[in-house]
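In what follows, a single structure is set out as structure tokens and then discussed.
The values are calculated or read from the model by the stated rules, or taken from the named source; none is laboratory data. Given the structure is predicted, the values throughout are model-derived calculations rather than measurements. Heads up, the Cβs are rebuilt from the backbone with ideal geometry, glycines too, and the neighbour counts pull from every protein chain shown. Accessible surface is based on the protein model in full, side chains and every heavy atom, while ligands, DNA and RNA are left aside. Shrake-Rupley method; radii C 1.70, N 1.55, O 1.52, S 1.80 Å.
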Amino acid sequence: MKTQVAIIGAGPAGLMLGHLLRAQGIEVVIVERATADYVLGRIRAGVLERTTTDLMDQLGLSARMHAEGLLHDGFNLADGERLIRIDIGALTGRPVMVYGQTEITRDLMDAAPDRGLEIIYEASDVALHDVETDAPYLTYNRDGVAHRIDAQFLCGCDGYHGASRLAIPESAAKAYEKIYPFGWLGILADVPPCNHELIYANHERGFALASMRSEKRSRYYIQVPSDEAVERWSDDRLWDELAIRLGPEAAAHMTRGPALEKSIAPLRSFVFERMRHGRLMLAGDSAHIVPPTGAKGLNLAMSDVHYLSQSLIAWFTRRDADAVANYSNKALARVWKAERFSWQLTKLMHRFPDDDSFDRRMQIAELDYIANSIAAQTAIAENYVGLPL
Ligand code: APR
Ligand code: PHB
């Protein structure tokens, strides 16, 4: 098979990129290792920046998001004594959209057939070839049959564990990584949220987050040691712990219910420089990971594919080689700023096992500064709603 752009991975990054290119008439094929149901079964964060909702609007795929999503004008940092409200609406003029990132994936997936976006599911052993030449191609197996797709560009949207990044020689790139000494244990339940806005809490027993998917579905997290086993957390134990860490006010409004999902995710910061090698372009989690504090993962994938689609459109409409060459620098400038924000919010709100009393005083001083400084709140707010493209 021959196409203009072959995309590896049908997660949010690959699907959005596919749609943006199809909207300009570019031929695209996506190869995905898993089934559509598996991709939709992955639970993700739930806060969308305006850059992300704008892309959905631009594609004309935002009707359900606007109907079901909740616009939030603020969120809260709890420091054990008080709630510090960050009034993002007043400070930046922009709300955020609370809408499950899984729902974005579903909306993009459902629209694919109508837009001529071909997705090949259950493609195994995807391998990338000749990415340093003008004629790259990929191979895969499906139902025991070997296939080959020739393309002008290969786009690696296959997440952190995908094949694309591995096709770039070590000598051509540098990876930056930080692993945090804890994970997040998350619970999803069909109960109303304890608060109308999100609460990020720094408690002496560890971080907790109260979030939501809708007015009837809540999502909560607590910080746990990296080697924690999810089996050790019955629903009751987890609700008790949330009530302690989120504080009496939130606990009084917390409705308990059976877990629809309960899992532990590790926390990591990771950046792979560069995001292009020859005719192979990386976007989303294949190139970078942020810890979930601040919910930047999907939003960053969306800004990557915005830049990437513009570069490829410039190539296909006017053979603009500079646009292709500049993709990595453009995307990385925004990636590093989101890395900084996610790392800083993670440091501020978690209890690190090796922190000493001085480190703790720094957290207290910073939270106190944020509580009393509009400048500090503005800096947090403009990062939370998403820096401009
Ligand atoms: N071949 C084909 N497909 C692959 C391969 C492979 N070798 N490896 C992984 N994939 C597929 C996965 O099955 C998955 O559907 O690539 C997709 C990658 O999707 P994500 O991991 O969701 O990555 P991305 O699209 O970059 O997501 C960006 O969205 O919701 C957030 O937390 C999420 O931060 C992430 C962001
Ligand atoms: C979520 O709702 O899952 C969520 C919200 C905000 C975050 C992380 C996760 O920072």
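Mind putting together the pair-distance distribution for segment 239-300? All Cα pairs, 10 Å bins, whole percent per bin, short to long.
All Cα pairs, binned at 10 Å, distribute as 17, 29, 27, 16, 9, 2 percent.
Taking a ≥ b ≥ c as the square roots of the eigenvalues of the Cα gyration tensor of segment 186-242, is the shape rounded (a/c under 1.5), prolate (a/b larger than b/c) or oblate?
Since a/c reaches 1.5 but b/c is at least a/b, the shape of segment 186-242 is classed as oblate.
How large is the Rg to Rh ratio of the chain when both quantities use alpha carbon positions and Rh follows Kirkwood? Please report the intermediate quantities before stating the final value.
Values: Rg = 21.3 Å, Rh = 21.7 Å.
Reported Rg/Rh, Kirkwood definition of Rh: 0.98.
Mind putting a number on the dipole of segment 329-389 about its Cα centre? Charges go on the C-beta only, +1 for Lys and Arg and -1 for Asp and Glu, and I need it in Debye to the nearest 20.
With Lys and Arg at +1 and Asp and Glu at -1, about 320 debye.
Going by alpha carbons, how many degrees (0 to 90, nearest 10) lie between the helix axis of 357-372 and the longest principal axis of the chain?
90
Can you tell me the relative contact order of segment 304-389? Whole percent, Cα pairs under 8 Å, sequence separation 6 or more. Don't skip to the end; give the middle numbers.
Working: 31 pairs, mean separation 17.7, N = 86.
Taking the mean separation of contacting Cα pairs over the length of segment 304-389, I get 21 percent.
Could you check how much of the accessible area of the chain is carbon and sulfur, as a whole percent, using a 1.4 Å probe?
Values: 8280 of 16860 Å².
Answer for the chain is 49 percent, counting heavy atoms of protein chains only.
Compute the Rg to Rh ratio over segment 205-311 from the alpha carbon atoms, using the Kirkwood formula for Rh, and round to two decimal places. Working shown, then result.
Details: Rg = 18.0 Å, Rh = 16.5 Å.
Rg/Rh: 1.09.
Under 26 Å from the Cα of Lys216, which lysines turn up, not counting those fewer than eight places away in the same chain?
Partners within reach: Lys262, Lys296.
Report, by chain and number, residues whose modeled amide H sits under 5 Å from the one on Ser263, excluding near sequence neighbours (fewer than 5 apart, same chain).
The answer is Gly186.
Tell me whether segment 1-99 comes out rounded, prolate or oblate; compute the Cα gyration tensor, take square roots of the eigenvalues as a ≥ b ≥ c, and use a/c under 1.5 as the rounded threshold.
Values: a/c = 3.08, a/b = 2.01, b/c = 1.53.
It is prolate, given that a/c is not under 1.5 and a/b is the larger ratio.
Report the net charge of residues surrounding Gly297, where surrounding means a beta-carbon distance below 13 angstrom and charges are Lys +1, Arg +1, Asp -1, Glu -1. Before the final figure, lay out the partial values.
On the way: positive: Arg42, Arg44, Arg268, Lys296; negative: Glu49, Asp285, Asp304, Glu339.
Here the charged neighbours net out to 0.
How large is the charge dipole for segment 183-233, taken about the Cα centre, if only the Cβ atoms of Lys, Arg (+1) and Asp, Glu (-1) carry charge, to the nearest 20 debye? Don't skip to the answer; put the middle values down first.
On the way: 6 positive and 7 negative charges, 35 e Å.
I would put it at about 160 debye.
Per the Kirkwood definition applied to all pairs of different Cα atoms, how many angstroms is the hydrodynamic radius of segment 125-277? Display every interim value, and only then the final one.
Values: mean 1/r = 0.0531 Å⁻¹.
Final number for the Kirkwood radius of segment 125-277 is 18.8 Å.
Work out how far the C-alpha atoms of segment 252-389 reach from end to end along every principal axis, then list the three figures in whole Å, largest first.
Result, largest extent first: 59, 41, 30 Å.
Going by alpha carbons, how many degrees (0 to 90, nearest 10) lie between the helix axis of 374-384 and the longest principal axis of the chain?
It works out to around 40 degrees.
By how many degrees, between 0 and 90 and to the nearest 10, does the Cα long axis of helix 101-111 differ from the longest principal axis of the chain?
Taking the Cα atoms of the chain, the angle to 101-111 is about 30 degrees.
So what is the 222 nm mean residue ellipticity for the chain from helices alone, if each DSSP H run of at least 4 adds -39500 (n - 2.57) and you divide by all residues, rounding to the nearest 500 deg cm²/dmol? Can you show the working numbers first?
Working: 12 runs with 143 residues, N = 389.
That comes out to -11500 deg cm²/dmol.
Which order do the peptides 305-315, 78-88, 250-260 take when ranked by the mean count of other beta-carbon atoms within 10 Å per residue, highest first? Write down the numbers at each step before the final one.
Values: 305-315: 23.2, 78-88: 17.6, 250-260: 14.5.
In descending order of packing, they fall as 305-315, 78-88, 250-260.
How much area per residue is accessible in the chain when the probe is 1.4 Å and only protein heavy atoms are counted (Å²)? Walk me through the numbers before you get to the answer.
Details: 16860 Å² over 389 residues.
Normalised by residue count, the accessible surface of the chain is 43 Å².
Return a whole-number percent for the relative contact order of the chain, with Cα pairs under 8 Å and 6 or more residues apart as the contact set. Mind dumping the intermediate values first?
Details: 795 pairs, mean separation 80.4, N = 389.
21 percent.
Under a 5 Å amide H to amide H cut-off, with H placed in plane at 1.01 Å, what residues pair with Ile7 once short-range neighbours are removed?
So Ile7 has HN proximity to Val29, Ile30, Val31, Cys155.
At q = 0.17, 0.24, 0.26 Å⁻¹, what base-10 log of I(q)/I(0) does the Debye formula yield for segment 123-197 when every alpha carbon is treated as an equal point scatterer in vacuo?
Log10 of I(q)/I(0), two decimals: -0.80, -1.21, -1.31.
Remind me, relative contact order of segment 37-138 in percent, using alpha carbon pairs under 8 angstrom and six or more residues apart? Can you show the working numbers first?
Working: 100 pairs, mean separation 29.6, N = 102.
Normalised by residue count, the contact order of segment 37-138 is 29 percent.
So if I take the centroid of the Cα atoms in segment 369-389 and the same for segment 123-195, what is the distance between those two points in Å?
Spelled out, the Cα-based centre of one part sits 32 Å from the other.
In whole Hz and in residue order, list the ³J(HN,Hα) couplings for segment 8-25 that follow from phi through the Karplus curve 6.51 cos²θ - 1.76 cosθ + 1.60, θ = phi - 60°; x for Gly and Pro.
Using θ = phi - 60°, the values come out as 9, x, 10, x, x, 5, x, 5, 5, 4, x, 5, 4, 6, 4, 4, 9, x Hz.
I'd like the per residue volume of the convex hull spanned by the Cα atoms of segment 71-145, given in cubic angstrom.
Numbers: hull volume 19.4 nm³, N = 75.
Roughly 259 Å³ of hull volume per residue.
How many angstrom separate the Cα center of segment 220-285 from the Cα center of segment 1-75?
So the separation of the two Cα centres works out to 23 Å.
Rounded to whole Å and sorted largest first, list the principal axis extents of the Cα atoms in segment 313-380.
The Cα atoms of segment 313-380 stretch 58, 30, 12 Å along the principal axes, largest first.
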